[in-house]
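Trainee: Below is a structure I'd like to ask you about.
The values are calculated or read from the model by the stated rules, or taken from the named source; none is laboratory data. Just so it is clear, the model here is predicted, and its values are computed rather than measured. Every residue, glycine as well, gets a Cβ built from its backbone with ideal geometry; the counts of neighbours run over all protein chains shown. Ligands, DNA and RNA are excluded from the accessible area calculation, which covers all protein heavy atoms including side chains. Shrake-Rupley method; radii C 1.70, N 1.55, O 1.52, S 1.80 Å.
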Amino acid sequence: MIASVIRVPWHTAHGGYDRLLDHLPEVRRIAPPTGLLATQTARAAHRLLARPCPLPFYPAEHFATDVRLLASREAAHVLYGDEQYWFSRRRPGPTTVTYHQPPARLKRLLPPATWRKLAPSAEHIVVLDPHQQGFFTGLVPAERVHLVPHGIDTTVFTPAGQPATDRPLVLTVGWWLRDWTVLDTVHERLHRRHGDGIELIVVTRQARSRPWHPAARILQGVTEQTLIGLYRRAAVLLLPLEDATANNALLEAMACGTPVVATDIGGIRHYAGHGRAAQLTPPGDAVAAAEAVEKTIAETGTAAHAARRAFARERAELFAWPLVAGQMRGLYRLLEER
């Protein structure tokens, strides 16, 4: 069994979907070339051969791993089908492919006719939430579409005591499909009502890409240990979203015992559950998000807040990587039996 590996550069050392393979030692990793000559060769081949690929994001590194999969007859898992599964659709060996984007974005990723040809070329498709299942069962038989969740390293992302009560921290993490309009509105309401009595921090890749509320501190490129420290110190993670399947920040925060206020959209409820680990608010509703945040920070230091933290950790443990790897191993057996 082989698997193509993409290391997303903004994920932390113990974050990201490729960490799944840490718990599947029997799987051989197919990674992009690293030597200077091999890298240059891959880039030259990418310029020459990858033009017909319709995927909007298909860099030389992804092309190189895709071609290596194409040449193998072994059973294979493409970890990021959204940006890596194209030439390997013609490979002689059986293939399973994981897709990460929500259905609305998948529909924009490729034209319908292309999806009708591409999706059936994989023996099995892995989705991360029930909404994706509906998209792919319209393209292939339902028994070939498998919901195997994203996981989290619950040995690294761990709780550590109660956060301080004198100046509660409202933390936001990430950038992809975030609802910045809701975030700005919530920040303004919180600052107007609490002033310097609360702390607002955003950890994002887009620190210089947009204006932020002047009361918010914007961090970029923090270490994993710094990020974990922020999760542990936060009274609440505020996660306003435009869409989602799985979400690293959600899983990381819950594993650290951080209560969450998130948009009830896409796959968020599948991971957060029904209200004990996270308060879910309607899409685009900044008032509801602000009220949920204020409710949570008002509980800081109380038994109610401790209970929220315990529920968050308990929920995250359902998605510990060893459990997810066990589910994936069962799918690999199906693939290898083909």
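Trainee: Just for the stretch 135-148: of the residues that are touching a helix residue (DSSP H, G or I) at 6+ places or on another chain (Cβ under 7 Å) and part of a helix (DSSP H, G or I), which one is surrounded by the fewest Cβ atoms within 10 Å (Cβ to Cβ)?
Mentor: Taking the stretch 135-148 and keeping what is touching a helix residue (DSSP H, G or I) at 6+ places or on another chain (Cβ under 7 Å), we get 135-136, 139-140, 145-148.
Remaining after also requiring part of a helix (DSSP H, G or I): 135-136.
Details: Phe135: 20, Phe136: 23.
By that ranking, first place goes to Phe135.
Trainee: What number goes with the only condition from (1) open to solvent by 60 Å² or more (accessible area, probe 1.4 Å); (2) of a type in the set (S, T, N, Q); (3) touching a residue at least 60 places away in the same chain (Cβ under 8 Å) that Thr158 does not pass?
Mentor: Only one criterion is unmet by Thr158, namely (1).
Trainee: Still on this structure, please answer the following. Any residue in the stretch 62-86 that's over 23 Å from Gln327 (Cβ atoms): show its pairings with residues that are small (Gly, Ala, Ser) and in a loop (DSSP other than H, G, I, E, B) at Cβ separation under 7 Å, as long as the two are six or more apart or on different chains.
Mentor: Phe63/Ala50; Thr65/Ala31; Ser72/Gly93; Arg73/Gly93
Trainee: Could you grab me the full set of residues in the stretch 275-304 that are over 23 Å from Trp180 (Cβ atoms), small (Gly, Ala, Ser) and open to solvent by 20 Å² or more (accessible area, probe 1.4 Å)? So that I can check it myself, show each step before the final result.
Mentor: Going residue by residue through the stretch 275-304, those that are over 23 Å from Trp180 (Cβ atoms) are 275-277, 298-304.
Still in the list and also small (Gly, Ala, Ser): 275, 277, 298, 301, 303-304.
Result: Gly275, Ala298, Gly301, Ala303, Ala304.
Trainee: Tell me which of these Asp184 doesn't satisfy, since it passes every other one: (1) outside any loop (DSSP other than H, G, I, E, B); (2) in contact with a helix residue (DSSP H, G or I) (Cβ under 8 Å, 6 or more places away or on another chain); (3) open to solvent by less than 60 Å² (accessible area, probe 1.4 Å).
Mentor: Among (1) outside any loop (DSSP other than H, G, I, E, B); (2) in contact with a helix residue (DSSP H, G or I) (Cβ under 8 Å, 6 or more places away or on another chain); (3) open to solvent by less than 60 Å² (accessible area, probe 1.4 Å), Asp184 violates only (2).
Trainee: Given the conditions (1) in a helix (DSSP H, G or I); (2) surrounded by 14 or more Cβ atoms within 10 Å (Cβ to Cβ); (3) modelled with pLDDT under 95, report the number of the one that Leu37 does not fulfil.
Mentor: The single condition Leu37 does not satisfy is (2).
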